[in-house]
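Notes follow the structure.
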Amino acid sequence: MLEITPLHYSVLSAALFMIGVIGVLVRRNIIIIFMSIELILNAVNINLVALSDQLQNLIGQVFVVFVIAVAAAEAAVGLGIIIAFYRNKETVNIDEMSLMRW
Amino acid sequence: MLDTFVIPLLQIAVLVNALLVTVTFLVLMERKVMGWAQARLGPMRVGPYGILQAIVDPIKLILKEDITPANADRFVFTLAPIMSLVPALVVFSVIPFGPEQPYYIADINVGLLFIISVTSIGVYGIILGGWSSNSKYPLLASLRASAQLISYEIAVVMTLVSVVLTAGTLNMIGIVEAQREAGLWFAFVQPVACVLVFIGGLAETNRLPFDLPEAETELTGGFHTEYSGMRFSLFFLAEYANIIVISAIVALMFFGGWMRPFPNVEALAFLDLIPGWVWFCGKIFFFLYLFVWIRATFPRYRYDQLMAIGWKVLIPIAIGNLVLTGIAKVVL
Amino acid sequence: MMTDATEAPRRIGQAFDTDELVLNMGPQHPSTHGVLRVVLRLDGERVVDADCVIGYIHRGVEKLCENRDWTQIVLLTDRMDYVAAATSNLGYVEAVEKLMQVEVPRRARYIRTILAELQRIASHCLWLGTHAMDIGAMTVLLYSFREREHVLDLFEEYCGARLTYNSMRIGGLPLDIPTGWDKRVSAFCDVMETKLDEYEELLTNNRIWVGRTRDIGVISGEEATALGLCGPPLRGSGVSRDVRKDEPNAAYDEFEFDIPLGTRGDTYDRYLIRLEEFKQSIRIIRQAVEGLPEGPVMGKVPRLIKPPAGETYHAVESPKGEIGFFVVSDGRSTNPYRFRVRPPSFCNLQALSRLCKGHLVADVVALIGTIDIVLGEVDR
Amino acid sequence: MEAFVFYLLATLILGLGIMVITARSAVHSVLFLVLNFLLVAILYVTLSAQFVAVIQVLVYAGGIVVLYLFVVMLVSLKKAPELRSDSRRVARTGLLLAGAVLAELIAIVWYTSANGSAPPAQAASDFPPRLAGDAMLNTERLGWVLYTEYLIPFEVASMLLLVAMIGAIVLAKKNL
C-alpha cells in the first residue's frame, strides 16, 4: 500500500473516468455534461502523466499538452453552441436538444 | 524536518503577516497621497498624522456586521472572497526578496509561470462574488471583470514571454541574475514590455483608469457591492495584495529585484551597504506610489474602450515585441 | 437570478431577447445626483431604453408658494435649485418687480449680477466636480470644490448663508455689500482664472476624458430645441439662446460677454462650453465690480407687497439654463394666486432617455452629469 | 509520505469529481471542477511534471473553466433543466451503462494485477525523447520535444485552436 505504483494512478484515472462517464450519462444539463467530459479528459491526462513519469519518457506530457489544447477547443465551440442554442430555445436540457435544425 | 516544515512555515507566517500589515499601511498611504494630490490632508484624526488609521480601519471592517443578502448563494458567497485572497497570497511563495535563503520560500523552475497561473485563479473570486450576491450591479461588474482580467492577462503573459526570452529562464531568481549578467535592468532592455506589464497590471488589479469592475459611480461598488464586514475586507485585502504582487513582479523582472542600480558599476558599490531586500521593498514601494498617483490623476475608461485597448493595442504591441525579441535573440 | 417581472417578454416566433436586463439605477445610486431613478433596459451593457422616474423629493414648492406672502417666497425659491439659490432668487424677485412695475436701483442690479455670476461659477464648480467624479477623475472634484468654497465664503460674507442665501428682495437687495467685498471678489476672479487652467490640464486634453465624452450623447440643434432644452445643453448643440443676451435682465445689457456655442452637440462640447462660461462669468464680474455705481440698493416698494391683478412670466439664465417664473396675482391677497416655475433641470432631464439610447451604462452617468440636474429643482 | 500525499489527493480528486456531477447548482459544479483541476495539478507536481501542472492551472482552471462559469452564469439565470424533465428514466439507463463500463474497468485492473505485468518500461526506453538525467529542466525538455519531434502536431493543434476560436465567435455572436 505504501508504495505508489502506476497501477494506483491507473485506478485513480479509471475511477475519475467513471465519474465522468456517469456524469455524461446521468445528468441532463448539457453544461454539466460538458464538465463531465472535462473530467474524463483529466482522467486520461493523469494516466498519461503517471506513465510518462514511470517510463521516464516525455511523450506522455506532450500528449497532455495536446489534450489540453483539444479540450480548450472543445470547450470554446461547445459552449458557443450552447449559447446559440440557449438563445433560440431557452433551455440547456439535453433531452430538448433533439432537433438538428430549428 | 526543520528544513522541510518549520522554516518554510516560519517564512510563510512572517511573510503573510508582513503582507497584511503592509496592506493596511498601503491603504493609509493611498489615502494620504490621494489627499495631498487633492489639496486636502487625508486622515488626520487617529494618532499623529493619522498613522493609527491603518490599525483602526481593519478593526472597523472586522467589527462590522457581516450581511448576506436574501436569496444569495450562501456557500459561494462565502467562498468567493476566500478564492480571491488565497491566490494573491500564494503568489508570494515564489517571489524572492533576495538570492539566497531565507529570502524566498520556494525557488521553483517555473516560477514565472506559477505566478501567472495562480493569479489567473483570482478571477474566480470576482466572478463568483458578483454572481452569488444575487444582485444586478455585482453581476454586471463580475461579467466585466472576468472579460477584463482574461483579456489583459493575454497581453501581460505575452509580454512576459519576451522577457523570459531575454533572460532565458522562467525562474524568478534566474531572471534577476540575468539582469546582473546583462549589466542592465530589463527596463532598459525591454522598455516596451515594462510599460505594457505595468499597464496590464493596472488592469488586472482593477485600478484606475481600469477600475470598471468596481466603478463606484457606475456600478455602485462593483462585484463587492453586497459585501460587508470580514468578507468585504478579504476582497479588499486581495485587491491590495494583488497590487503588491504586480509591483513586485515589475520590480523583479524589469528593475533588478534586490539589486542596486547598475549592479556592474564598481563606483556605486557603496550602495550595496543597503541590504538587497531593502532595495527590493523600496522598488515595490515606488510602484505602489505610482499606482496611487495614477489613481489620483486619470478618469476611468469605458468598458468598450478598455477592451479595445486590451485587444487592439496591447496585444498587438505585445506580439510585436515578442517577435522582435525573438529576432534579436536569434541575430545577436 | 432575475425576478419574473424583469424578464424580457417572450416573443414567440422571433429571436428571443434573452439577454435584455432591466437595471434600476437610483434613487440611491451614487451618481444620479440626488434621488433620480433611471430604469434602464440593457442589452449586455448597451442601453436600449432609459426611463426617468422623478418625484422622490417633491415638496410641492409651487403650491406652498401660493400660501405664502410674496416676500416669503424668496426663501422657498432657495430650496429649488439649492446649489444655485441666487439665480432662483433673482428670477423670482424680477418676476414680481415686473408685475409691480418697480424700478430697481442700478447698484442693486449690479450687485445682483455679481451674485448671479458668482452663483454660476459655484454651480459650475459643482457640476464639473461631480461630472468628472462620475467619469472617474476624483481629483477634479476636490479641486473644483476648493474654488466653490471660496465662492461660498464670499456669499457668506455678503448674506450670512452658504447655500440657501435668501439674498434678494422685491425691489432690490436686503443689504449693501460689506466693505472690501468687491476687492475680494475681484481677487477671487484672479485666483479662479489660474485654477481653471488646472482643471483644463487635468481634463481637456486627457485622452481618456476626451474618449469618454467625445461623441457621447450627440443631439442636434433642431432636436434640442424640439425637446425644449435650455442652457449649456442647448448651446452645446450650436443654438444661440441665452436669456442674458436675448432678454437682458439685471444689468447684463451693460456688460460685454460672449455666449460660447458648441458645434457637435456632444458631451465634450457641453464640457467646453461650461468651462468657457466660467471665463465669461469672470469677465462679467470684473466689469461689474469695476463699474459698480454708488447709490441705494433698495428701490421704492410698499411695506405690504400686493401686486396689481395680472400675470407675468419672467425668465433668467440660471447655471442650468433658462429658469422661468410664472406668477399670477389676483390683486387682493398678499400671496400669489398661481405660482409656477419652468425649471431648467426638469426640462433638460427630458433629453436623458433620448441621449442614453445606444450608449453604454458607463455613459449614462456621464450623460446625467452633462445635463447637470439638481433634483430639488426637478421635483420642486 | 508519498503514499500519504497520493491517497489524500486521490480521495479529494474523486470526491470533488463526484460532487461535480451531483451538485444541484451548475455554479457549484463549476467550483468543484476548478478545485478538482487544481488538485490534479498538484498530482502532476508530485509526478515531477511541473510544466504540465502549471499549464493545467493556467489553461484549464484559469481559462476553460472560467468560460464554463461564464456560460453557466448566462444560462442558469432561469431554473435548472432537471426540474422539468423526466430525469429518472434516463438516469436509470445511464447508471446501468455506467455500471457496465465500471465492471469492464474493474475486470481490466483485476486481470492486469493478477497477471502482475507492470508496464514494459524497457520497451519505450529507446524512443528518442528520453529523459536525459537532470541536464535539462522539465520545461526546457518539453519545449524541445514539442518543437522538434512534435512540431507538425503542434502546429495542427494551433490551427485547431484558431478554428475553434473563429467557430465559437461565429456561433455565439448574435448578429455578425
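The figures follow:
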| read-out | value |
| --- | --- |
| Qualifying residue in the stretch B:44-61 (condition: aromatic (Phe, Trp, Tyr), surrounded by fewer than 18 Cβ atoms within 10 Å (Cβ to Cβ) and closer than 30 Å to D:Val30 by Cα) | no |
| Criterion: among the β-branched types (Val, Ile, Thr), touching a residue at least 60 places away in the same chain (Cβ under 8 Å) and not in a helix (DSSP H, G or I) - qualifying residue of C:Thr164, C:Thr179, C:Thr139 | C:Thr164 |
| Residue in the stretch B:311-326 that is on the phi > 0 side of the Ramachandran plot, crowded, with 20+ Cβ neighbours inside 10 Å and touching a residue at least 12 places away in the same chain (Cβ under 8 Å) present | no |
| Of the criteria (1) farther than 21 Å from B:Ala88 by Cα; (2) away from every other protein chain (no Cβ under 12 Å); (3) not in a loop (DSSP other than H, G, I, E, B), which one B:Leu184 fails | (3) |
| Residue within the stretch C:64-85 that is in contact with a strand residue (DSSP E or B) (Cβ under 6 Å, 6 or more places away or on another chain), surrounded by 24 or more Cβ atoms within 10 Å (Cβ to Cβ) and within 26 Å of C:Glu200 (Cα to Cα) present | yes |
| Selected residue (criterion: nearest to B:Ala241 (Cα to Cα)) from residues of the stretch B:125-144 that are touching a residue at least 40 places away in the same chain (Cβ under 8 Å) and surrounded by fewer than 24 Cβ atoms within 10 Å (Cβ to Cβ) | B:Tyr137 |
| Residue that is nearest to B:Lys136 (Cα to Cα), among those in the stretch B:56-74 that are part of a helix (DSSP H, G or I) and in contact with a helix residue (DSSP H, G or I) (Cβ under 7 Å, 6 or more places away or on another chain) | B:Leu61 |
| Subset of the stretch B:34-73 [within 14 Å of chain C (Cβ to nearest Cβ) and touching a residue at least 24 places away in the same chain (Cβ under 8 Å)] | B:Met34, B:Ala37, B:Gln38, B:Pro69, B:Ala70, B:Asn71, B:Ala72, B:Asp73 |
| Filter result for C:Val191 (in a helix (DSSP H, G or I) and touching a His at 6+ places or on another chain (Cβ under 8 Å)) | yes |
| Subset of the stretch C:25-47 that is surrounded by fewer than 22 Cβ atoms within 10 Å (Cβ to Cβ) and of a type in the set (Val, Ile, Thr) - its residue that is nearest to C:Ser345 (Cα to Cα) | C:Val35 |
| Residues within the stretch D:1-13 that are within 7 Å of chain A (Cβ to nearest Cβ) and surrounded by fewer than 17 Cβ atoms within 10 Å (Cβ to Cβ), tallied | 2 |
| Single residue of the stretch B:97-130 satisfying the filter (of a type in the set (A, V, I, L, M, F, W, C) and within 23 Å of B:Arg302 (Cβ to Cβ)) that is farthest from the other protein chains (Cβ to nearest Cβ) | B:Ile126 |
| Of all residues making up the stretch B:89-109, the number that are farther than 16 Å from B:Glu177 by Cα and in a loop (DSSP other than H, G, I, E, B) | 3 |
| Residues within the stretch B:204-232 that are surrounded by fewer than 22 Cβ atoms within 10 Å (Cβ to Cβ) and small (Gly, Ala, Ser), tallied | 3 |
| Sole residue being surrounded by fewer than 20 Cβ atoms within 10 Å (Cβ to Cβ), outside any helix (DSSP H, G or I) and away from chain B (no Cβ under 14 Å), chosen from C:Thr225, C:Thr263 | C:Thr263 |
| Residue among D:Leu35, D:Leu31 that alone is over 16 Å from A:Ile40 (Cα atoms) and at pLDDT 85 or above | D:Leu31 |
| Some residue of the stretch C:327-346 being surrounded by 15 or more Cβ atoms within 10 Å (Cβ to Cβ), among the aromatic types (Phe, Trp, Tyr) and either out of contact with any strand residue (DSSP E or B) (no Cβ under 9 Å at 6 or more places or on another chain) or in the same structural domain as C:Tyr252 (by TED's automatic domain parsing) (or both) | yes |
| Subset of the stretch C:93-150 [among the charged types (D, E, K, R) and more than 14 Å from chain B (Cβ to nearest Cβ)] | C:Glu94, C:Glu97, C:Lys98, C:Glu103, C:Arg106, C:Arg107, C:Arg109, C:Arg112, C:Glu117, C:Arg120 |
| Residue satisfying all of: in the stretch C:48-61; in contact with a helix residue (DSSP H, G or I) (Cβ under 9 Å, 6 or more places away or on another chain) and within 23 Å of C:Asn335 (Cβ to Cβ); surrounded by the most Cβ atoms within 10 Å (Cβ to Cβ) among these | C:Val61 |
| Condition met for B:Val76 (within 14 Å of chain C (Cβ to nearest Cβ), farther than 30 Å from C:Arg146 by Cα and without any contact (Cβ under 8 Å) to a residue 60 or more places away in the chain) | yes |
| Hits in the stretch C:307-352 (condition: in contact with an Asp or Glu (Cβ under 6 Å, 6 or more places away or on another chain) and more than 18 Å from C:Glu97 (Cα to Cα)) | C:Lys320, C:Pro343, C:Pro344, C:Ser345 |
| Scan of the stretch B:300-332 for residues that are away from chain C (no Cβ under 14 Å) and not in a helix (DSSP H, G or I), ordered by number | B:Leu332 |
| Helices (runs of 4 or more DSSP H) contained entirely in the stretch B:190-299, each with at least 1 residues that are within 13 Å of another protein chain (Cβ to nearest Cβ) and among the charged types (D, E, K, R) | B:191-204, B:216-219, B:276-297 |
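Results for (1) in a helix (DSSP H, G or I); (2) more than 10 Å from chain B (Cβ to nearest Cβ); (3) among the basic types (Lys, Arg); (4) more than 30 Å from B:Gln148 (Cα to Cα), shown as yes or no for each residue.
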| residue | (1), (2), (3), (4) |
| --- | --- |
| D:Leu16 | yes, yes, no, no |
| D:Arg24 | no, yes, yes, no |
| D:Ser29 | yes, yes, no, no |
| D:Leu39 | yes, yes, no, no |
| D:Ser48 | no, yes, no, yes |
| D:Ala61 | yes, no, no, no |
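Table: residues versus (1) within 14 Å of chain B (Cβ to nearest Cβ); (2) farther than 27 Å from C:Asp134 by Cβ.
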position	(1), (2)
C:Arg162	no, no
C:Thr179	no, yes
C:Cys189	no, yes
C:Thr213	yes, no
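The values are calculated or read from the model by the stated rules, or taken from the named source; none is laboratory data. Because the structure is a prediction, the values reported are computed rather than measured. Reconstructed Cβ throughout: ideal geometry from the backbone, glycine too, with neighbour counts over all protein chains shown.
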